[in-house]
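Take a look at the structure set out below.
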Amino acid sequence: MGNNVQPTILITGAAGFIGSNLCEYFLSKDFKIVGLDNFSTGHQYNIEPFLSHNNFTFIEGDIRDFSTCQQAVSDVHYVLHQAALGSVPRSIHDPITTNAVNVTGFLNMLVASRDAGVKRFVYAASSSTYGDSVELPKVEEVIGKPLSPYAITKYVNELYADIFGKTYGLSTIGLRYFNVFGRKQDPSGAYAAVIPKFVKQLVRKESPVINGDGSFSRDFTYIDNVIQMNELALFTTNDKAINTVYNTAVGDQTTLNEMVTLLKSYLSVFDPDIANVEVIYGPNRVGDIPHSKASIEKAKQLLNYQPNYQFAAGLKEAVTWYWENLK
């Protein structure tokens, strides 16, 4: 780092799934971490192990409050902005709150970071930005019209970040996450992601419900690949690599049917009866896109990204973690 000052990273959404994994990783690398969360979707137990850590400071607060954002970025070198209200269905149910957190909160964080002289602002963007574009694989420069309020908010984040780069010289990088899964992802609640939700149901011998016929596909991305992308984005010294967005994915696609088959296979190692749990098929979900597969060429070329985990290997690790932690 050059000047012998231990760099400090602010991680917003620190008690959430991705945020808490980022906290754990960067603490293990001896960075000072400031965590910010309001526990609207994150959990106290996700940050519990860090609270006694000398390099960890936690602020309970909301990014919708500008003074909280100012406090959080004080004396911070880097920002990993993960705080958001995720979920397409949630945004359809409550677009106003989704917009307040994801747009107003995001803008608050940008302004506070600009004013504090933050070196780099890396933020969670979303594959939902591709909207109704049918092109596969998804290439960063070709997007369609958003299909949900959530997708609109995440696209607006990219537009704001771009303007803050051009107008104020703030160094930003957006990471378009594709269906991230792994340890610490919450299997409960109305808006739980599909993999942890299905794991929990299968462990309980409950039939998971697939929206549609199971032929829809996703570029499921293991959490360790996401951590790798955040680290590369934070510290790249390639000027061509900043003030842009990157797909954060594996560059592959797996159907929901294939995903459930693998889940049952991995879980039945621990409990053979899980292999016999029936799958139920329901109607397609509003706002869902049929297929998603990322091109990761841009990240490979500009950030030297090489995903450490393909889907099956990541799923196996995730299943083992859930088996040990769900009981």
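Summary of values
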read-out: Computed magnitude of the charge dipole of the chain (debye, nearest 20; Cβ of K, R +1, Cβ of D, E -1); value: 180 debye
read-out: Relative contact order (%) - criterion: Cα under 8 Å, at least six apart; region: the range 185-320; value: 37 percent
read-out: Expected 222 nm ellipticity per residue - DSSP helices of 4 or more, -39500 (n - 2.57), all of the chain, to 500; value: -11500 deg cm²/dmol
read-out: Carbon and sulfur %, accessible surface of the chain computed with the full protein complex present, 1.4 Å; value: 50 percent
read-out: Accessible area of I152 in the full protein assembly, 1.4 Å probe (Å², nearest 10); value: 90 Å²
read-out: Global form of the range 255-296, assessed from the alpha-carbon gyration tensor, a/c cut-off 1.5; value: oblate
read-out: Relative contact order %, the range 25-180, counting alpha carbon pairs below 8 Å whose residues are six or more apart; value: 22 percent
read-out: Label assignment, percent of Cα pairs over 37 Å apart derived from the structure, set (i) 13; (ii) 27; (iii) 9; value: (i)
read-out: Shape category assigned to the range 1-82 from the gyration tensor of Cα positions, a/c cut at 1.5; value: oblate
read-out: Within the chain, longest stretch free of exposed chymotrypsin sites (Phe, Trp or Tyr not before Pro) [DSSP loop, at most 16 other beta carbons within 10 Å]; value: 40-190
read-out: Gyration tensor (alpha-carbon) shape descriptor, the range 285-327, a/c threshold 1.5; value: oblate
read-out: Mean accessible surface per residue for the range 193-327, computed with a 1.4 Å probe while every protein chain stays in place, in Å²; value: 46 Å²
read-out: Dipole magnitude of the range 36-156 about its Cα centre (Cβ charges: Lys, Arg +1; Asp, Glu -1), debye to nearest 20; value: 200 debye
read-out: Probe 1.4 Å, all protein chains present, accessible-area order of T320, T153, largest first; value: T320, T153
read-out: Furthest towards positive pole of dipole, A190, S171, T129, structure part the chain, Cβ charges; value: S171
read-out: Accessible area per residue, Å², the range 1-128 with all protein chains present, probe 1.4 Å; value: 41 Å²
read-out: Choice from K166, K197, K29 showing the highest fluctuation, given a GNM over the chain with Cα pairs closer than 10 Å; value: K29
read-out: Area of E60 that stays accessible when all protein chains are in place (1.4 Å probe, Å², to 10); value: 130 Å²
read-out: Rounded accessible area of H77 (nearest 10 Å², 1.4 Å probe); value: 40 Å²
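The values are calculated or read from the model by the stated rules, or taken from the named source; none is laboratory data. Computed from a prediction, not measured in an experiment: that's the story for all the values here. Counting neighbours? That spans all protein chains shown, and the Cβs are built from the backbone with ideal geometry, glycine included. These accessible areas exclude ligands, DNA and RNA; they are computed on the full protein's heavy atoms, side chains included. Shrake-Rupley method; radii C 1.70, N 1.55, O 1.52, S 1.80 Å.
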